[in-house]
Every structure is written in C-alpha cells, then in structure tokens.
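The values are calculated or read from the model by the stated rules, or taken from the named source; none is laboratory data. Predicted model, so just to flag it, every value in this text is computed and none were measured. Reconstructed Cβ throughout: ideal geometry from the backbone, glycine too, with neighbour counts over all protein chains shown. These accessible areas exclude ligands, DNA and RNA; they are computed on the full protein's heavy atoms, side chains included. Shrake-Rupley method; radii C 1.70, N 1.55, O 1.52, S 1.80 Å.
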Amino acid sequence: MQSFSNVTVFDHPLITHKLSILRDENTGSKQFRELVSEIGMLMAYEVMRDLPMEETVIKTPITEAKVKVLAGKKLALVPILRAGLGMLDGVLTLVPSAKIGHIGLYRDHETLEPKEYYCKLPEDIEERQVILLDPMLATGGSGSAAIQFIKARGCHNIKFVSILAAPEGVERLAKEHPDVHIYTGCVDEKLNENGYIVPGLGDAGDRLFGTL
Ligand code: PRP
Ligand code: URA
C-alpha cells in the first residue's frame, strides 16, 4: 500500500491484543461488543490528543492556580450505523458531553455501493470537530459517503476512526478526502471478491448484534 501522511495505524499492545480476539470466529457477540467498545475508548484517547485547551484560574486547597482545561464543547461523535454504534459507548466514557450524530448506511451486497437510510447531525455541526466511528473501512464507499454528508453540512474538521481497514479503503479515503485523518488498528492484506477484509473479522454489524 502507498504510505499516506494522514493515516495513523495504532501499534498499542492493548489494541492489537483485543483486535486479535475480535478476529477469532469463536468470539461471541457479548465479548465482541465489549471489545469493540474498549478499543473505541483506547483509540479515542489518542485521537483526542490535539484537542484545544484553554487556561483558567481555580483555587486548590493550598492556593490559586492557573490550569488548563478543554476549550469549549466542540466535539461531535458520529457513528455510522449499525456497526459504528459499537464504538460509541467507549468513546463517550472519555467525552461524555460530546454531541452525537447518526449516519445510517448499508452496503448493497451486489454492488458494494453504500445506501443511505438515515442522517441526523447536530445543528451546529459546522462548528464542531467530528469524529466519525465505523469499525470497518473496506472499499471506503461508506466512509467516503459519510464524510461527504458531513462536509455538505459545512463541517471540514473530520477524523475517521476504524478498528480495521483494507488498503483499498485507506487509499480511497486518502484520495477522496485528503484532509481527513484516518485512524485504524490495522491495515489488513486485501479485500476478497465479496468486499470483505482479509483476514479481517467478518461482518462487524452482524457479529455485534448477533444477526449472523
Ligand atoms: C459495514 C461497516 C461499514 C461498511 C464498510 O457496514 O460497518 O459501514 O460495511 O464497507 P465499505 O468500506 O466497503 O463501505 P454494513 O454495510 O455491513 O452495514 P451494517 O453496519 O448495518 O451491518
Ligand atoms: N464490512 C464488514 O463488516 N466487514 C468487512 O470485512 C467489510 C465490510
């Protein structure tokens, strides 16, 4: 795969370990859900490293002190339905007051093209840092369409967080949306003829929600 400056592949042992359990076909829905949420939280910690801070003055029990706090409430978390919902709780444990939007997309099984069925975003989305959540970046069709919806609403401050990616999806997003930073737990080998990531973890939505 070509290397892109706007892609971060996490190499943290906790993320890699949890991802290996996710890949295992014997991992059931309950554990799958817990792991997706935990990985979401671990990734969010790093994704939010560059959140803007501001200074304020507080009183400690000892004296007055100038301290730094997060500037404003300017985050929006946007899971791509369904599978992105699995990452949401984990991320929310770190930023409980973030606004939440939802984008409903599913891949047509024949064409692999994303079909939109829902889009509800915070009113002031254009003023926010958007963190798009979807565990799977395969062809990149769903991710690219979701980014397009958000840009159409005037927001150009977007990060895309996935648990697993295919080289094809990373390349597509990097070409179509070079301004969007991509975070992922691993870039796998390839897509198969049905558009599934190889070796991958199977269908994330079905494994999360037990609809296999
Ligand atoms: C999965 C996944 C992504 C999409 C990735 O969703 O959660 O949204 O596929 O594939 P792409 O990069 O080729 O577009 P799916 O369409 O299976 O819907 P679901 O989450 O409702 O199961
Ligand atoms: N969507 C999934 O859930 N899994 C894949 O491997 C590809 C797309």
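Roughly what % antiparallel, to the nearest 5, for the DSSP beta bridges in segment 1-152? In segment 1-152, approximately 60 percent of DSSP beta bridges are antiparallel ones. Computed on the Cα atoms alone, the convex hull of segment 17-82 gives a volume of 148 cubic angstrom per residue. Among the listed pairs LYS151/LYS175; LYS68/LYS99; LYS74/LYS120; LYS18/LYS175; LYS99/LYS159, a Cα-Cα separation exceeding 27 Å is found for LYS18/LYS175. Solvent-accessible area assigned to carbon and sulfur over segment 18-155 amounts to 52 percent, based on a 1.4 Å probe. Computed with a 1.4 Å probe over protein heavy atoms only, the accessible surface of segment 122-196 comes to 36 Å² per residue. Using C-alpha pairs under 8 Å with a sequence gap of at least 6, the mean separation divided by the residue count of the chain gives a relative contact order of 23 percent. In vacuum, with every alpha carbon of segment 112-197 counted as one equal point scatterer, what does the Debye formula give for log10 I(q)/I(0) at q = 0.13 Å⁻¹? Two decimals, please. Taken in order of the listed q values, log10 I(q)/I(0) reads -0.40. Among the GluC sites (Glu not before Pro) found in segment 1-44, those both in a DSSP coil and sparsely packed, with 13 or fewer other Cβ atoms within 10 Å of their Cβ, are GLU25. Rounded to the nearest 20, the size of the Cβ-charge dipole of the chain about its Cα centre is 600 debye, with Lys and Arg at +1 and Asp and Glu at -1. A DSSP coil position with no more than 13 other Cβ atoms inside 10 Å describes none of the trypsin sites (Lys or Arg not before Pro) in segment 107-212. Where a ≥ b ≥ c are the square roots of the eigenvalues of the C-alpha gyration tensor, would you call segment 78-123 rounded, which needs a/c under 1.5, or, failing that, prolate if a/b is larger than b/c, or oblate? Note, shape of segment 78-123 comes out oblate.
Taken along the Cα-to-beta-carbon direction at a fixed 7 Å, the label points for LYS175 and SER5 span 2.0 nm.
Put simply, the chain fits an ellipsoid with semi-axes of 30, 20, 16 Å; these come from the alpha carbon gyration tensor as the roots of five times its eigenvalues, largest first.
The length gained on full extension between LYS66 and ASP124, counted as 0.36 nm times the residue separation minus their Cα-Cα distance, comes to 17.8 nm. Under a Gaussian network description of the chain, with springs only between Cα atoms under 10 Å, the residue in THR27, THR111, THR139 that fluctuates furthest is THR111. Given the rule -39500 (n - 2.57) for each run of at least 4 DSSP H residues, summed and divided by the residues of the chain, what is its mean residue ellipticity at 222 nm, to the nearest 500 deg cm²/dmol? Using -39500 (n - 2.57) per qualifying helix, the result is -10000 deg cm²/dmol.
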